[in-house]
Amino acid sequence: MDAHTHSPEPPEITAVIPAFNEEQGIDACAAAVRAALEGAQASFELIFIDDGSSDGTWDRIERCHRHDPRVKGLRLSRNFGKEAAMLAGLEAARGRAILTLDADLQHPPSLIPEMIRTWRAGGVQVVDAVKRSRGGEPFLRRLGSRLYNRMALMATGVELEDSSDFKLFDREVAAALLAMGERRRFFRGMAVWAGFSHARIEFDVGGRAAGSSKWSFRGLVWMAWKTIVSYSAAPLRIIHAASASFLILAVALFIRAMQLWLTGRAVSGFTTVIILLLIVGGLMLFCLAVIAEYIMAIYDEVKARPHYLLRERLD
């Protein structure tokens, strides 16, 4: 079979698997996902997206493709981030349903047949695999994830507690996600925002097949901030509330100062003035920083650069 030709009929399932420096785990991931899909008696294709890896990830993907043409690959020109890699996979997917999961096998492929059965039964367009337990995840990482989910819920109203990128959804949902044109994409939040009918299946996070996590506590904090700025105006509303509070305080202080002056009890208030100046100055700088974040988000949108660039593809 020519590895560069499409079968006349689209497969039932396309598995979209982003990978960044996952050289040691690609073979095991491909074998496990392929076995799960074959066990579900589904026609399928696997699309690995190499997100600018600096190790031998792409070589492993090529080897898997030579062994089984149903394993395909997209190689991005550099590291564009997981969201861009997911988008590349969704745009290339031909399946009637799309399965998304990580390459490190912490999303257990053994759950895939149950997800497919739930989708095939009808009435459900999105099957969400949600975390029942986080396994041996470090305390700081677990704390960061919980804080991130709480912040996202408060700011955007989108419930992300124990959610994951491990999902199965049909072509209609994929089309809706692809139609969202924003630059700062957040697949997990977009899938919830889009609505449609959801079913939840719980799973326990497993250990990595190989290597170490590419996420740091700092990375989680930065992702949380980007999510809030991209999907909510809550920080701007906080600025409005803080400004109104300080305006009320300023009016109260003005009235008090005038009262003391009129009664002849006014005293020098150098310390008070300095403290107020520091508070107001700090607030103004904070407000400017938040506004600058939104301006940067607008700047990213109006540049209209592509989400990613392809270097190679195995199709």
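The values are calculated or read from the model by the stated rules, or taken from the named source; none is laboratory data. Only a predicted model underlies this, so the values are computations on that prediction, with no experimental measurement involved. Heads up, the Cβs are rebuilt from the backbone with ideal geometry, glycines too, and the neighbour counts pull from every protein chain shown.
Of everything in the range 35-83 that's among the basic types (Lys, Arg) and in a loop (DSSP other than H, G, I, E, B), which residue is nearest to Leu168 (Cα to Cα)? Even if it seems obvious, please write down each step before you answer.
At the first step, the residues of the range 35-83 found to be among the basic types (Lys, Arg) are 60, 63, 66, 70, 72, 75, 78, 82.
Keeping just the survivors that are in a loop (DSSP other than H, G, I, E, B) gives 70, 78.
Numbers: Arg70: 18, Arg78: 27 Å.
Per the criteria, the residue is Arg70.
Screening Ala42 with (1) at pLDDT below 90; (2) surrounded by fewer than 19 Cβ atoms within 10 Å (Cβ to Cβ) gives one miss only, at (2).
Only residues that are crowded, with 21+ Cβ neighbours inside 10 Å and more than 15 Å from Asp315 (Cβ to Cβ) were counted across the range 54-81, and they come to 2.
A Cβ distance below 9 Å, combined with a sequence gap of six or more or placement on separate chains, defines the contacts here; from the range 20-39, residues that are on the phi > 0 side of the Ramachandran plot and surrounded by 17 or more Cβ atoms within 10 Å (Cβ to Cβ) reach residues that are modelled with pLDDT under 85 and not small (Gly, Ala, Ser) in the pairs Asn21/Lys214. Look at the range 280-299 and say how many of its residues are at pLDDT 75 or above, over 14 Å from Ile239 (Cβ atoms) and of a type in the set (Phe, Trp, Tyr). Of the residues in that region, 0 qualify.
Just to be sure, is Ala85 aliphatic (A, V, I, L, M) and within 19 Å of Leu309 (Cα to Cα)? Yes: the conditions hold for Ala85.
Ala93 fulfils the conditions (1) surrounded by 20 or more Cβ atoms within 10 Å (Cβ to Cβ); (2) closer than 17 Å to Ala35 by Cα except for a single criterion, (2).
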